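Q: Have a look at the structure that comes next, please.
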Amino acid sequence: MLPRVLLCGNVEFALDELKHLLGGIADVVTLSSSTRTEFFASFEPGGPYEGTAAIFRRNVSAQRIGVFDRALIMGLPASVRWIAHSGVGYDQIDLEACRERGEYLSIGVSNTPGGESTATVALYLIISCLRHYSAAQRHLLSPELGWRDPQYNYAARAHGPQGRTLAILGLGTIGLSLAHYARPLGMRIVYHSRSKKGADEVPPWCEYVDSLEGLLREADVLSVHVPLNNVTRGMLGEREVRMMKRGSVLVNTARGAVLDEEAVIRALKDGHLSAVGLDVYPNEPNINPRLLAFPQAVLLPHVGGETYDTLRAREIKAITNLKDFLIKGRGEDLVPELRS
Amino acid sequence: MTQRKVMICGDLAWAHEECKQLFDGLAEVVRMDSQTRDDFLAGLKPGGKYADTVGIYRHNTSADRIGVFDKPVVAALSEAGVKWVAHNGAGYDQIDVLECRAKGITVSNTPGAVDDATATTALFLLVSCLRHFSHAERALRAGQWKNPLSAGKTHDLTGRTLGILGLGGIGLRLAHLVRAFPMEIVYHSRRPNPDAPSWCRYVEKLDDFWGACDVLSVHVPLRPETVHLVGEKEIRKMRKGSIIINTARGKVIDEEAMIRALEDGHLSSVGLDVYPDEPNVNPRLLEFPQNALLPHMGTENQDSQRKMEVRALTNVRDFLVQGAGKDVVPEMVSKL
């Protein structure tokens, strides 16, 4: 009997690869539960998910069974030993719980690292914030104005990226991709990470700043690229925002909860931040309505990795991680926290 | 001897101090304050407020009051002894340069000063169109989160081909910006550009160029021969689902043909900073939520504007001091 793979969240763009990679290797079943109780019950003997060895997971499955928190992880049967997450950020999976299930029950987790899509969002937000293009487009589209708003002083408020400092918080794949996209615009690139990157990992024009405070003080634009965990939750609060230069720009394509939203709103109100560019929010899909009051806020609905090309590539990568686990016992993209 | 004058034709926004410093002791700076063309022409006559003007700093905003520098204006300028018109802007289609040449007036523009700002705008529009970001922002602000969007219809830049129509300063800048992803780059110009890097592939025949692009970005100046250069035939030669970006001049594209192609999906979206009849925008363009439409913002930022003003003023100053400014437009050099 073939090992069973459960798809928590559909494969949409790589159905042919799914057949090709797992055909003859696994029996693939799809999440049909609409509640967590149903979900657990379906792993029982005779149930549709009985004997599942590995799970393909997308964040969208949280709408039906919730995130993969401690309760869910601990409730998975002994047979489940791998979760192949499709997506870069895996904060919806409780890694501690995966480890704590014990030596022969622990669950490996892989993600799908890759920078282009999200880094492109960050670049767009940076340009739009500096040049006030979001407001300008809205003015053109508004029936009352139909062109520029004579009351909005674009020229005084808008700046080019050339010669300005882009500070990157977290130089992983996405942060490094952004550095490469922003450099030809003539920006000075500085970064802060848990550790300084080696000379073979980053170009010489990526300047390391050894403290968060140091990074904040250098930034004309700060772009956030850290994963969400207990260390980074709320790491940019009132104190940190006020360390930034007056008139600077804050861009977040990582996770909403890294920022203290109230502190950001206060800073927009008094002009300490000249603009913000956000693709993520603390409580998606709910948006704090007070953000909408700022014409200089550039707001996207978490479209970071969502292109045909990237969604398809992620699905293929996740399925490949599944296949490698089934055949070799381990997927290549095992998340760093679970590497011993 | 009456002091020669430099006329500021279209007010400076930023470079007032620089202007004082550049012309201190060299010439009297006079502001063009005419509200009508008649007043302007009268002022150029002997004894008038603009008499003894030898060099002019010109900005397109002056056209709102006195019209463009067409044959009658050029004639009056020449009569008054004007020898240099330093235009602020890369595009100088509002000046009849051939008439200026015939009348012994040299025209300069401000290339380079606009390259970064305009190329950045083109990159912004290109990303917006490939990713449907304009629609995404609007959906969010309308309380719809991302419900109206189809992620499957959006694309990354990597591996897609950008076709640059006109590889001058701005086109070349854009090529460098998108190479970071990397996009493939092809271009067409009247002649191959010797400054083009090896990864910018020259396509000699226009006919071959259209079908080679996923995204076409227009970077040619507006001249009689470039009006509707991108027309029905040309658009139909492009790949189905292509995108057109225009940060040059609206009239280079046949707008009706472009809209027809949007309507039947031959073009998936367009990103525009310029229109044939600014500030009027054809309302039919607004019917496609995936379009990205800016109100001619290309150089609408403080850094660019100041740089451009200083560059144009410097052209006038260099003319006064050395007999010539650096940025003489190509038409001034006779090809006969």
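Since every read-out is calculated from the coordinates, none of them should be taken as a lab result. All of these numbers come straight from a predicted model, not from anything done at the bench. Glycine gets a Cβ as well: all are built from the backbone with ideal geometry, and neighbour counts include every protein chain shown.
Q: Given a Förster radius of 25 Å and the C-beta distance between A:Leu145 and B:Asp70 as r, what FRET efficiency does 1/(1 + (r/R0)^6) yield to the nearest 0.05?
A: Approximately 0.25, to the nearest 0.05.
Q: While we're on this one: Over the stretch A:1-155, what per residue volume does the convex hull of the Cα atoms give, in whole Å³?
A: So the per-residue hull volume is 176 Å³.
Q: Starting from 0.36 nm per residue, how many nanometres of slack lie between B:Glu204 and B:Glu17 once their C-alpha separation is accounted for?
A: Result for the pair: 62.6 nm of gain on full extension.
Q: Go through the stretch B:192-209 residue by residue and turn each phi into a ³J(HN,Hα) via Karplus (6.51, -1.76, 1.60, θ = phi - 60°); whole Hz please, and just put x for glycine and proline.
A: Couplings: x, 8, x, 8, 6, x, 4, 7, 9, 8, 7, 10, 5, 8, 3, 4, 7, 6 Hz.
Q: Whole angstrom only: what separates the Cα centroid of the stretch A:262-339 from the Cα centroid of the stretch B:205-248?
A: With the stretch A:262-339 and the stretch B:205-248 each reduced to a Cα centre, they are spaced 35 Å.
Q: Now a separate question. Quick check: the distance between the Cα centres of the stretch A:20-49 and the stretch B:69-84, to the nearest angstrom?
A: 82 Å
Q: Report the charge-dipole magnitude of chain B in Debye, nearest 20, computed about the Cα centre from +1 at each Lys and Arg Cβ and -1 at each Asp and Glu Cβ.
A: The dipole magnitude comes to about 460 debye.
Q: Same structure, new question: What is the helix-to-structure angle for A:308-328, meaning the angle in degrees between its Cα long axis and the longest Cα principal axis of chain A, kept from 0 to 90 and rounded to the nearest 10?
A: Around 40 degrees separate the two axes.
Q: Turning to a different aspect of this structure: Tell me, what ³J(HN,Hα) does each residue in the stretch B:26-31 have, in order and in whole Hz, if you take phi through Karplus 6.51 cos²θ - 1.76 cosθ + 1.60 with θ = phi - 60° and put x for Gly and Pro?
A: Listing the rounded values in order: 9, 7, 8, 8, 10, 8 Hz.
Q: Extension gain B:Lys240-B:Arg223, at 0.36 nm per residue separation less the Cα-Cα distance, in nm?
A: Values: separation 17, 0.36 × 17 = 6.12 nm, distance 2.85 nm.
Computed gain between B:Lys240 and B:Arg223 is 3.3 nm.
Q: Under 10 Å from the Cβ of B:Ala212, count the other residues' Cβ atoms, weight Lys and Arg +1, Asp and Glu -1, and hand me the total.
A: After counting each charged neighbour, the total is 0.
Q: So who's got an amide H within less than 5 Å of the one on A:Arg330, skipping anything under 5 residues away but keeping other chains? H placed 1.01 Å off N, in plane.
A: Counting only residues 5 or more places away or on other chains, the set is A:Phe325.
Q: Dipole magnitude of the protein assembly as shown about its Cα centre, charges +1 at Lys/Arg Cβ and -1 at Asp/Glu Cβ only, in debye to the nearest 20?
A: Here the protein assembly as shown has a charge dipole of around 520 debye.
Q: Checking the table B:Lys71/B:Lys205; A:Lys317/B:Lys240; B:Lys45/B:Lys103; B:Lys146/B:Lys237; A:Lys196/A:Lys269; A:Lys19/A:Lys328 against a 24 Å threshold on Cα-Cα, which pairs fail? Present the calculation step by step, with values, prior to reporting the outcome.
A: Details: B:Lys71/B:Lys205 35 Å; A:Lys317/B:Lys240 29 Å; B:Lys45/B:Lys103 17 Å; B:Lys146/B:Lys237 33 Å; A:Lys196/A:Lys269 35 Å; A:Lys19/A:Lys328 19 Å.
Listed pairs above 24 Å: B:Lys71/B:Lys205; A:Lys317/B:Lys240; B:Lys146/B:Lys237; A:Lys196/A:Lys269.
Q: For the peptides A:155-166, B:165-176, what is the packing order when you average, over each peptide's residues, the other Cβ atoms within 10 Å and list the highest mean first?
A: Values: A:155-166: 20.1, B:165-176: 23.4.
Those peptides, ordered most packed to least, come out B:165-176, A:155-166.
Q: Any idea how far the Cα center of the stretch A:172-189 sits from the one of the stretch B:121-196, in Å?
A: The two parts, judged by their Cα centres, are 17 Å apart.
Q: Which FRET efficiency value, to the nearest 0.05, do you get for B:Val333 and A:Gln63 by plugging their Cβ-Cβ distance into 1/(1 + (r/R0)^6) with R0 = 45 Å? Could the numbers behind the result be given before it?
A: Working: r = 66 Å, r/R0 = 1.48.
Efficiency, rounded to the nearest 0.05: 0.10.
Q: When a/c reaches 1.5 or more, the comparison of a/b and b/c decides; with that in mind, is the protein assembly as shown rounded, prolate or oblate per its Cα gyration tensor?
A: Prolate is the answer for the protein assembly as shown, as a/c is 1.5 or above and a/b outweighs b/c.
Q: A further question on this structure: Within a Cβ distance under 9 Å of A:Ser106, other residues only, what is the Lys/Arg minus Asp/Glu net charge?
A: Numbers: positive: A:Arg81, A:Arg99, A:Arg101; negative: A:Glu100, A:Glu103.
Once positives and negatives cancel, what remains is +1.
Q: Related question: Just subtract the alpha-carbon distance of B:Glu256 and B:Lys326 from 0.36 nm times their residue separation and send over the number in nm, one decimal. Could you put the intermediate results ahead of the total?
A: Numbers: separation 70, 0.36 × 70 = 25.20 nm, distance 3.92 nm.
Extending this stretch completely gives an extra 21.3 nm.
Q: Turning to a different aspect of this structure: Based on the Kirkwood radius over alpha-carbon pairs, what value in µm²/s does the Stokes-Einstein equation return for the translational diffusion coefficient of chain A at 25 °C and 0.890 mPa s?
A: On the way: Rh = 21.6 Å.
This corresponds to a translational diffusion coefficient of 114 µm²/s.
Q: Then there's this: Taking a ≥ b ≥ c as the square roots of the eigenvalues of the Cα gyration tensor of the stretch B:220-299, is the shape rounded (a/c under 1.5), prolate (a/b larger than b/c) or oblate?
A: Oblate.
Q: Sticking with this structure for a sec: With a Förster radius of 30 Å, plug the Cβ-Cβ distance of B:Glu79 and B:Asp24 into 1/(1 + (r/R0)^6) and report the FRET value to the nearest 0.05.
A: In this case the efficiency is close to 0.60.
Q: When we measure straight from the Cα of B:Lys307, which lysines land under 25 angstrom away, once same-chain ones fewer than 8 places off are left out?
A: The qualifying lysines are A:Lys245, B:Lys5, B:Lys20, B:Lys83, B:Lys326.
Q: Whole-Hz Karplus ³J(HN,Hα) for the stretch B:224-239, in order, using 6.51 cos²θ - 1.76 cosθ + 1.60 and θ = phi - 60°, x for Gly and Pro?
A: x, 7, 9, 4, 6, 4, 9, x, 3, 4, 5, 4, 5, 7, 6, 5
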